[in-house]
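The values are calculated or read from the model by the stated rules, or taken from the named source; none is laboratory data. In this text, all values refer to a predicted model and were calculated from it rather than measured experimentally. When we count neighbours, we look across all protein chains shown, and the Cβ atoms used for this are built from the backbone with ideal geometry, even at glycine.
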């Protein structure tokens with residue numbers, strides 16, 4: 001297998017709570033159970049276009065452990081991803097971890113906070129992880145970004161859970177996350193010229 005040179009910048013995108021609304025119960029976020037509950041945030045399409053125009057690859061990285069736990073079907077997740085691709089055709093890929101997790105007897109190297117999905121995408125797409133970002137809304141996303149060597153942008157929705165590591169940037173919306181990334185990207189490019 002030949003390795004692709006790591007030259008591309010990427011913005012890795014968590015799915016639920018970043019691209020689409022999570023279903024929040026008792027202060028904790030859950031994925032939409034079906035296509036009927038799937039709803040993109042209104043600023044996502046424009047924000048993704050801005051990132052793409054700035055030269056970033058866009059790859060979704062999402063844990064979907066309910067499939068491994070038997071409480072959601074793989075077909076339901078695939079239907080949501082088909083809708084996501086239709087709504088955001090500029091996406092370069094979707095990486096999914098269906099494993100239930102170590103606490104449910106199904107450990108893996110891809111379930112965030114482990115960096116397996118990012119490492120796999122980096123090898124496939126020639127991504128320079130040090131020049132890349134991950135936008136997430138939970139502690140697992142932030143820890144995953146750091147484990148892979150990316151910068152973390154945390155969208156704070158006020159969930160009832162604590163972060164374990166400090167993100168490089170904290171915002172309250174996808175629009176703000178995009179603005180921070182573009183500002184950081186432009187300032188780094190200017191210092192190299």
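Considering only the stretch 145-154, state which residues are in contact with a helix residue (DSSP H, G or I) (Cβ under 7 Å, 6 or more places away or on another chain) and either assigned to a helix (DSSP H, G or I) or free of Cβ contacts under 8 Å to residues at least 12 places away in the same chain (or both). Passing the criteria: only 148. Scanning the stretch 109-139 for residues that are assigned to a loop (DSSP other than H, G, I, E, B) and either touching a residue at least 12 places away in the same chain (Cβ under 8 Å) or buried (at least 17 other Cβ atoms within 10 Å of the Cβ) (or both) yields 110, 111, 112, 113, 114, 115, 126, 128, 132, 137, 138.
Here the stretch 93-106 is the region considered, the condition is being out of contact with any strand residue (DSSP E or B) (no Cβ under 7 Å at 6 or more places or on another chain) and surrounded by fewer than 18 Cβ atoms within 10 Å (Cβ to Cβ), and the residue that is nearest to residue 43 (Cα to Cα) is 101.
Yes or no, residue by residue, for (1) modelled with pLDDT of 95 or more; (2) assigned to a strand (DSSP E or B); (3) closer than 16 Å to residue 76 by Cα:
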{"residue": "11", "(1), (2), (3)": "yes, yes, no"}
{"residue": "18", "(1), (2), (3)": "yes, no, no"}
{"residue": "24", "(1), (2), (3)": "no, yes, no"}
{"residue": "29", "(1), (2), (3)": "no, yes, no"}
{"residue": "33", "(1), (2), (3)": "no, no, yes"}
{"residue": "42", "(1), (2), (3)": "yes, no, no"}
{"residue": "45", "(1), (2), (3)": "yes, no, no"}
{"residue": "48", "(1), (2), (3)": "yes, no, no"}
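Pick out the one residue from 181, 142 that is touching a residue at least 12 places away in the same chain (Cβ under 8 Å), in contact with a strand residue (DSSP E or B) (Cβ under 6 Å, 6 or more places away or on another chain), in a helix (DSSP H, G or I) and more than 21 Å from residue 24 (Cα to Cα). Exactly one of 181, 142 is touching a residue at least 12 places away in the same chain (Cβ under 8 Å), in contact with a strand residue (DSSP E or B) (Cβ under 6 Å, 6 or more places away or on another chain), in a helix (DSSP H, G or I) and more than 21 Å from residue 24 (Cα to Cα), namely 181. Looking across 90, 59, 7, one residue alone is in contact with a strand residue (DSSP E or B) (Cβ under 8 Å, 6 or more places away or on another chain), under 20 Å from residue 122 (Cα atoms) and surrounded by fewer than 16 Cβ atoms within 10 Å (Cβ to Cβ). It is 90. Hey, does the stretch 157-166 have a residue that's in contact with a strand residue (DSSP E or B) (Cβ under 8 Å, 6 or more places away or on another chain), farther than 21 Å from residue 30 by Cα, surrounded by fewer than 16 Cβ atoms within 10 Å (Cβ to Cβ) and modelled with pLDDT of 95 or more? Looking through the stretch 157-166, at least one residue is in contact with a strand residue (DSSP E or B) (Cβ under 8 Å, 6 or more places away or on another chain), farther than 21 Å from residue 30 by Cα, surrounded by fewer than 16 Cβ atoms within 10 Å (Cβ to Cβ) and modelled with pLDDT of 95 or more.
Of all the residues in the stretch 169-178, those that are assigned to a loop (DSSP other than H, G, I, E, B) and free of Cβ contacts under 8 Å to residues at least 24 places away in the same chain number 1.
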